[in-house]
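What follows draws every value from the coordinates through simple rules; no lab data is involved. This one's a predicted model, so the numbers in the text were calculated from it and none came from an experiment. Note that each Cβ is placed from the backbone with ideal geometry, even for glycine, and that neighbours are counted across all protein chains shown.
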Amino acid sequence: MIDFGPGSQTRRVAVGLDLGHANDYSALTVIEQRQHYWILRAAHRFPLGTPFGAIVDTLRRMARHPDLRGRASLIVDSTGLGAPVVEMIRRARVEMALHPVVITGGATASSNGSIHRVPKRDLVTALYLMFESGALQIPRTLPAWKQLEEELLRFQARIAPSGETSYEASSPDVHDDLVVSLALAAWFARPRGTIGPRSDGPLL
């Protein structure tokens with residue numbers, strides 16, 4: 001899935017995993033730090049209906065890649081049905097630092113050091129700021145580039161009559177799984193203190 005190339009053993013890696021429910025895809029993205037910016041190294045949608053066990057097996061194989069071992073963090077959407085998958089990942093002893101994220105509709109982020117509760121707004125803001133500052137680069141040669149581009153172009157904020165804002169694809173026939181996966185990775189990779197609290201532990 002990924003070719004990191006020479007000299008990559010010293011670079012930091014964040015892996016974002018959005019877990020699909022019902023008719024949604026599960027999606028995985030991998031960003032790697034290069035000096036003062038991050039580059040998207042992989043983006044993958046799992047086929048609809050892929051068992052979570054198969055996704056965990058994929059993560060376990062990825063973690064054993066010699067250029068990933070010991071330096072990758074896995075940021076997983078643990079909202080709802082994601083919580084049991086997090087336990088599957090723990091039991092499988094996937095060799096990545098595990099950071100479960102419960103995505104909320106609130107306005108305040110919190111963390112107890114092992115589980116993060118993060119407003120979706122914060123995830124989207126982190127991704128937007130990385131794009132705006134040039135801190136995130138996406139090679140157009142990636143096989144999933146067209147899928148990701150379509151999701152980005154049709155991802156939007158919606159304000160309900162109650163005043164609450166939601167962030168999602170613009171229509172039911174468009175998915176946002178790659179965007180959410182990338183936003184999870186971007187939120188974790190962001191500079192400390194820029195958007196909400198985070199554990200004070202090391203990034204990797």
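By DSSP, the beta bridges lying fully in the range 11-189 are antiparallel in about 55 percent of cases. Taking 7 Å steps out from each Cα toward its Cβ at residue 81 and residue 133 produces label points 3.6 nm apart. Taking the square roots of five times each eigenvalue of the Cα gyration tensor of the range 85-138, the equivalent ellipsoid has semi-axes of 25, 17, 8 Å, listed largest first.
If every alpha-carbon in the range 11-189 counts as one equal scatterer, what log10 I(q)/I(0) does Debye give at q = 0.10, 0.13, 0.17 1/Å? For the range 11-189 at q = 0.10, 0.13, 0.17 Å⁻¹, log10 I(q)/I(0) is -0.36, -0.62, -1.11.
Return the Rg/Rh ratio of the range 25-99 with Cα-based radii and a Kirkwood Rh.
0.96
Sorting 138, 39 from the fewest to the most surrounding beta carbons within 10 angstrom yields 39, 138.
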